[in-house]
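The values are calculated or read from the model by the stated rules, or taken from the named source; none is laboratory data. All values reported here derive from a predicted model rather than from experimental measurement. FYI the Cβ positions are ideal-geometry reconstructions off the backbone, even for glycines, and counts take in every protein chain you see.
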Amino acid sequence: MFCCFHPLRSAVWKVHGGMLFYKMASIVDDDDQGAYHPRFVNRSITMTWDAGWEVYQLIDPLGAVYTMQSFSKQIDYSLTFEDLAGLGSRLKLPAGWQYRNITLEHELNNTAVLATVLVDDLLNAYTRTQEAPTSPSPTPEPISPSPTPEDPSIILIK
């Protein structure tokens with residue numbers, strides 16, 4: 001499912017108990033509103049999911065895509081990697097949310113100094129890997145095909 005974390009050059013490295021660690025992330029907003037509520041995290045890594053791997057994603061009602069970065073056994077100790085493909089039927093998704101599993105055609109990289117992350121109701125963690133699509137502003141269309149009698153150079157736009 002998931003390939004690796006790559007620390008960025010700005011990562012802070014420390015030795016603790018004879019082991020080398022680096023600070024991957026810190027929560028920016030301390031307002032934990034629970035499952036399916038995005039939070040902002042400062043982090044200094046690039047996440048990579050390899051082409052050909054199956055990934056598990058949440059899609060919010062606006063179309064933003066969140067890709068699973070880790071699964072948790074905190075709520076359901078019996079949850080296994082093999083269970084993730086069918087996890088959508090077990091989640092209590094809010095209205096308009098979707099869960100899907102897809103096989104990547106291309107490598108998926110996510111480098112975000114300020115990342116948007118969330119958890120589902122089983123505490124599996126996801127990072128936003130695609131913003132919600134934006135609708136282009138509609139092109140105004142004339143509502144009057146001919147000039148108005150008051151000013152022949154004005155066309156009304158709706």
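Selection within the stretch 4-59: residues that are modelled with pLDDT of 75 or more and acidic (Asp, Glu). The member of this set that is surrounded by the fewest Cβ atoms within 10 Å (Cβ to Cβ) is Glu54.
Looking only at strands (runs of 3 or more DSSP E) that fall completely inside the stretch 100-158, which ones have 2 or more residues that are modelled with pLDDT under 90 and within 30 Å of Trp49 (Cβ to Cβ)?
Details: elements: 108-111, 114-119, 125-130.
Of the strands (runs of 3 or more DSSP E) lying wholly inside the stretch 100-158, those with at least 2 residues that are modelled with pLDDT under 90 and within 30 Å of Trp49 (Cβ to Cβ) span 108-111, 114-119.
Within the stretch 65-99, if we keep just the residues that are in contact (Cβ under 8 Å) with a residue 40 or more places away in the chain, outside any strand (DSSP E or B) and touching a Phe, Trp or Tyr at 6+ places or on another chain (Cβ under 6 Å), the residue that is surrounded by the most Cβ atoms within 10 Å (Cβ to Cβ) turns out to be Leu84.
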